[in-house]
Amino acid sequence: MADAVVVLRNVWKSYKEGDSIVTVLKNVSAVFYRGEIAGIHGPSGSGKTTLLRIIAGLERPDRGEVIVDGYNLNMLDDLGLAMIRNTVVSYIPQDYGLVENLTVRENVELPLLIAGIPKEEREAKVREALEYMGLLPKANSYPTRLSGGERQRVAIARALVTTPSVLLADEPTANLDWENAIKVAEMFKRIRKDFGTTVLIVTHDPRILEYVDRSMNLMDGILKDKLTSLTGYTHNIYA
Ligand SMILES: Nc1ncnc2c1ncn2[C@@H]1O[C@H](COP(=O)(O)OP(=O)(O)OP(=O)(O)O)[C@@H](O)[C@H]1O
Ligand SMILES: [Mg+2]
């Protein structure tokens, strides 16, 4: 039986825009399984980032249930959400969210500092994550000195250092050339193979959509599983 790691049940989210209310997510329900790589695409403004931020516990839905690796996010207070962000789920924003005046090593260490991990363990984990991403030679560099591909790899290392069950990547290849985009896609496959991580990727990039097990479309607030609608969807992990 596949292990459901992210469960969304009847999720609604609206924002106020001046006097009117825009409903971004309309009754979104979905299940993502352990070790699955899913691509979510849809027009600009369709709510893709909002959806990832809700799964990451960075925003709360107006209604509906979000369960991430057994944690019902509705039941957690802000401190609880901060805790799961540093252990269970990692979100990589589109602009990578690196702190410019910290080195690569310090950027990757940040989530462990926040989680209160002791120094020795932190150093070992940071080294491991940097090595895994091929970043040891850049450990003492500042983000502004790095190429786009390297910055993206630092963001992935920082997301991985807490060994989350779920990795959320927002447009991870938007600023990368062909070669680096393929490298990132290969990297997500390697991460899934090595750690059994569930990876949800928001992307418009057809190069990335070739790498995913399942692609979903978010439009007019409704999330559709493309394979379900086309073929009845047979679950295909580790493809
Ligand atoms: N904090 C906020 N306050 C008000 N409106 C917001 C907020 N965050 C998002 N929105 C609105 O919600 C809608 C969806 O935004 P979101 O960023 O989730 O879209 P997206 O699919 O990620 O778009 P893009 O492809 O351009 O990144 C947009 O209309 C946006 O203006
Ligand atoms: Mg977005």
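Values in this text are rule-based calculations from the coordinates and carry no lab data. This one's a predicted model, so the numbers in the text were calculated from it and none came from an experiment. Here the Cβ is made from the backbone with ideal geometry for all residues, glycine too, and neighbour counts use every protein chain on show.
With only Cα atoms counted, the chain has Rg and Dmax values of 17.5, 53 Å.
Based solely on its DSSP helices, what 222 nm [θ] is calculated for the chain when runs of n ≥ 4 H residues each add -39,500 (n - 2.57) and the sum is averaged over all residues, nearest 500 deg cm²/dmol? Walk me through the intermediate numbers first.
Values: 8 runs with 82 residues, N = 239.
Estimated from H runs of four or more residues: -10000 deg cm²/dmol.
Projecting the Cα atoms of M83, S29, T50 onto the dipole axis of the chain, where Lys and Arg carry +1 and Asp and Glu carry -1 at the beta carbon, places S29 farthest toward the positive end.
Work out the length of the dipole vector of region 95-163 about its Cα centre, built from +1 on the beta-carbon of each Lys and Arg and -1 on the beta-carbon of each Asp and Glu, and round it to the nearest 20 debye. Working shown, then result.
Values: 10 positive and 10 negative charges, 23 e Å.
Roughly 120 debye, rounded to the nearest 20.
Its Cα centre serving as origin, the chain has a Cβ charge dipole (Lys and Arg +1, Asp and Glu -1) of approximately 220 debye.
The protection proxy used here, the mean number of other Cβ atoms lying within 10 Å of each residue, ranks peptides 54-67, 91-104 as follows, highest first: 54-67, 91-104.
Assuming R0 = 22 Å, what is the FRET efficiency of T163 and E123, from their Cβ-Cβ distance, to the nearest 0.05? Provide the component values of the computation, followed by the final result.
Working: r = 16 Å, r/R0 = 0.72.
Rounded to the nearest 0.05, the efficiency is 0.90.
If you wrap the tightest convex hull around every Cα atom of region 95-163 and split its volume per residue, you get 78 Å³.
Out of L112, T162, G134, whose Cα points farthest toward the positive end of the dipole of region 95-163 (charges: +1 Lys, Arg; -1 Asp, Glu; placed on Cβ)? The residue sitting most towards the positive pole is G134. Relative to the longest principal axis of the Cα atoms of the chain, helix 148-160 runs at roughly 80 degrees.
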